[in-house]
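The values are calculated or read from the model by the stated rules, or taken from the named source; none is laboratory data. In this text, all values refer to a predicted model and were calculated from it rather than measured experimentally. Here the Cβ is made from the backbone with ideal geometry for all residues, glycine too, and neighbour counts use every protein chain on show. Surface areas here come from the heavy atoms of the whole protein model, side chains and all, with no ligands, DNA or RNA. Shrake-Rupley method; radii C 1.70, N 1.55, O 1.52, S 1.80 Å.
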Amino acid sequence: MALGALVVVGWTFMQNRFQPGSSLDADVTIGIDDMPQSLDIRSDSSAAAERLLVDNVYETLVTVDQDNKLQPGLATSWKTSDDGLTVTLTLQSGVTFSNGHTLDASDAVWSLQQNVTNKVADVDELGDLASVANPNATTVVITLAKPNPTLLRALSGRLGIVYDSESSSADYQRKAIGSGPFTVADFQPGHSLKLARSDTYHGTKAASNVVEFMQYSDADALSKALTDGSLDMAAPVSASTATGLNGKDGLTVKEGATTDKVLLAYNNGTDSLLSDEQARKAFRYQIDAAGIASAQPDAAGALGGPISLLEPGYEDLTGLYPHDENQAGQMFSYFGAQYLTTVNLVVPEEYRSLAETIKQQIERQPRPTVNLEVLSDEDYAKRIKDGKWELTVMSMDGTDDAGIFADPDSMFHYDHTEAQQAYADARAATNDADYEARMKAYARLISEDAASDWLYTRKCFTVASTKVSGYPTSMINRRMPLAGLTVK
């Protein structure tokens, strides 16, 4: 009985040692500008929740590397049937959750079923699920009603997280039960998140004992904390913050690739000037996208199409519409003075400077003039929703998000039968090679038709003490695996 009591006491201590309010000192302190309001990734659809918790606290069936390529996660391997309707995943054995419970295929099946039942964010990315089964403890079989060539990609994000089916009643908003290299030691919404190394992790143990994220809403305060040593690292940071700290003693600024695409979006609706193919193409010739990309501090390079370098189906389409004001002028001249008068460019504050550049470039032609409106976020969202705009500057940050141009009911109101069929063909692909080839054809088609003007892809920035190593630099706006993070 005495030994049993000691075991119970010891287990209770281990369970409670990292609870909210923990005073553990951090090995590494990281500044961020957005903190999730909840630890429940299923209900908190913010990018912050996924960025900080996935790969650190939670693991997914499939993961991605720094080049956004699919890699084994909890599933060591997978196989897709020739017809694309059955995906079989083989899971690692000997994996446990942070509470000591065993993680097996039944937990994976339950987690997928919960995604569907509770309609979690982005659940449509799973496609038409016919069934999910676990014939044994290490096998998950997903059966689809029709092919979904991006299913594995979906399983690398929040939809692929495996939760403990035995802890279904846990308060996941304040508590995290994962299988990753860290556990949540403390969480103060809007202020801080502290991760502690999991000594029971099935893989290589985290290099740091404790990693703490601190929220900074002010860029100047963040910069000061980095320079005075209050922070060991900040990621991701704005281009202006990175530029201001570049060359500072004791700090290193690193750049990384993302899938974030900045575009001059067109409203292709029937009431818009941009419903006319000739007008769309004229604008693309008129806008110096390459010049804009070279001048923007956050630009990794010019784009030219809806798929970024890190996404399946990428092709360099920047040559389709080289900057040519003479060609643009000839095309604009086809329109009568009464038809081609003013175009409305509506943007939120963050894109004011870029929008002013675009306005200047367009107005090098006699017509049209540009009515630039810089709106609050609330007013901007309403204008876009109401369709009362013709041009806007925006970003799209997601793998395989190009399909939005195949939806005539999207904000772009782009209704092109051939494009819709091309995208449907891509979605019907039963293997990766066919999907990539078909997406490449789809992307070229909508770029040639000038559905919008894709300007550049963004890069992300990390600023860290020269004593810090083992941190990722690419895709950190989406996920930030920190198991290798350490300080000399």
Review point. If you take all C-alpha pairs in the chain, what percent of them are over 35 Å apart?
Key: 40 percent
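Rank-order 265-274, 241-250, 451-460 by packing density, defined as the average count of other C-beta atoms within 10 Å over each peptide's residues, highest first.
Numbers: 265-274: 19.6, 241-250: 14.4, 451-460: 25.3.
By packing density, highest mean first, the sequence is 451-460, 265-274, 241-250.
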Check your understanding: Roughly how many Å² is the accessible area per residue of region 58-158, as a whole number, for a 1.4 Å probe?
Key -> 43 Å²
Practice item. Would you mind counting up the charge near V120? Only other residues with Cβ under 13 Å from its Cβ, with Lys and Arg at +1 and Asp and Glu at -1. Key: -3
Exercise for review: Treating cross-link reach as a plain straight distance, find the aspartates and glutamates whose alpha-carbon is under 14 Å from the alpha-carbon of K385, omitting any fewer than eight places away in the same chain.
Suggested key: D377, D409
**Study point:** Reach of K248 by Cα under 26 Å, taken over lysines that are not fewer than 8 positions away in the same chain
**Key:** K224, K459, K467, K488
Review point. Each residue of region 276-293 in turn: what ³J(HN,Hα) in whole Hz from Karplus with 6.51, -1.76, 1.60 and θ = phi - 60°, glycine and Pro shown as x?
Key: 8, 4, 4, 5, 4, 5, 4, 4, 5, 5, 6, 7, 8, 5, 5, x, 4, 4
**Study point:** Computed label-point distance, nm, for sites T143 and Q278 using a 7 Å Cα→Cβ extension
**Key:** 5.6 nm
Check your understanding: For T417 and D25, what does the FRET efficiency come to when R0 = 60 Å and r is the distance between their Cβ atoms, rounded to the nearest 0.05?
Key -> 0.45
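Quick check: at a probe of 1.4 Å, how many percent of the accessible area of region 229-343 sits on carbon and sulfur atoms?
Values: 2060 of 4710 Å².
Looking at region 229-343 in its full context, I get 44 percent from C and S.
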Review point. Residues with beta-carbon under 9 Å from that of D107, excluding D107: net charge, scoring Lys, Arg +1 and Asp, Glu -1?
Key: -3
Check your understanding: Under 16 Å from a point 7 Å along the Cα-to-Cβ line of S77: which residues of region 126-144 have their amide N that close?
Key -> 138-141
Check your understanding: Along region 90-96, what does the Karplus equation 6.51 cos²θ - 1.76 cosθ + 1.60 (θ = phi - 60°) give for ³J(HN,Hα), rounded to whole Hz, x for Gly and Pro?
Key -> 9, 8, 5, 9, x, 9, 10
Review point. If the viscosity is 1.002 mPa s and the temperature 20 °C, what Stokes-Einstein diffusion coefficient in µm²/s follows for region 58-158 when Rh is the Kirkwood radius over Cα pairs?
Key: 155 µm²/s
Review point. Once you charge only the Cβ atoms, +1 for Lys and Arg and -1 for Asp and Glu, what is the size of the charge dipole of the chain about its Cα centre, to the nearest 20 debye?
Key: 880 debye
Exercise for review: Evaluate the Debye formula for region 320-370 with equal point scatterers sitting on the alpha carbons, no solvent, and hand back log10 of I(q)/I(0) at q = 0.30 Å⁻¹, in q order, two decimals.
Suggested key: -1.16
Review point. Just from its helices, what would the mean residue ellipticity at 222 nm be for the chain, if runs of 4 or more DSSP H residues each count -39500 (n - 2.57) and the sum is divided by every residue, rounded to the nearest 500 deg cm²/dmol?
Key: -7500 deg cm²/dmol
Point to revise | Long-range HN-HN contacts of L251 with modeled amide H, under 5 Å | key: T466
**Study point:** Unit Cα scatterers, Debye sum, region 256-457: log10 I(q)/I(0) for q = 0.09, 0.14 Å⁻¹
**Key:** -0.32, -0.79
Review point. So what J values fall out for region 370-378 if you push phi through Karplus, 6.51 cos²θ - 1.76 cosθ + 1.60 with θ = phi - 60°, rounded to Hz, Gly and Pro as x?
Key: 10, 9, 8, 10, 9, 10, 5, 4, 5
Practice item. Please give the net charge around V95, taking every other residue with its beta carbon less than 10 angstrom from that of V95, where Lys and Arg add +1 and Asp and Glu add -1. Key: -3
